[in-house]
Amino acid sequence: MRRRLEERIERGLQELTILRAIWMVAVVTMSLALVAAIFERLVDPGIGTFRNALWWAITTVTTTGYGDVVPTSTPGRIVGSLLMVAGVSAIPIAASLIVSAFVARVQAEQSERDRLAREEVSARLERIEQALAAASGVADERAGDDA
């Protein structure tokens, strides 16, 4: 099961595009905000409506924090604290994974270009060595004819 998950993640990272990367960060952000809004609405009735809870969660997870809607109860503040920590850690982790995938792809492409260039240089060197060997053989024959 673990191996299948790793293969699926690897395949997903290979197919990663800028649009998918943006989508991935947005999904992480909105998932955190949605879960936090649900919890906040349940533990802190002072937050008001679910709409207010969602607005608060989005501004908190993105570290904007307007301050127009704030938790008033201790459980609500605990949810808020956890959301702040998640916002400043989960979003950068997701972004780092995305950047890492792009860097790995560029490195793999560069490695392949380098391999092809080395093969080309080796083939040229082989042709040069063969030409030198042939020229050396001709020069040896001429030297033998002169003697």
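Bear in mind that the values in this text are calculations on the coordinates, not laboratory data. Just so we're clear, the structure is a prediction, and the values are computed from it rather than from any experiment. Note: ideal-geometry Cβ built from the backbone for every residue, glycine included; neighbour counts use all protein chains shown.
The charge dipole of the range 2-103, taken about its Cα centre with unit charges on the Cβ atoms of Lys, Arg (+1), Asp and Glu (-1) only, comes to about 260 debye. Dividing the helix sum by the residues of the chain, where each DSSP H run of 4 or more adds -39500 (n - 2.57), gives a mean residue ellipticity at 222 nm of -30500 deg cm²/dmol.
For the chain, a Gaussian network of Cα nodes joined below 10 Å ranks Ser136, Ser111, Ser96 by mean-square fluctuation, and the top entry is Ser136.
For the range 52-58, 3J(HN,Hα) computed residue by residue from phi via the Karplus equation (6.51, -1.76, 1.60; θ = phi - 60°) reads 5, 5, 5, 4, 4, 5, 5 Hz, glycine and proline entered as x.
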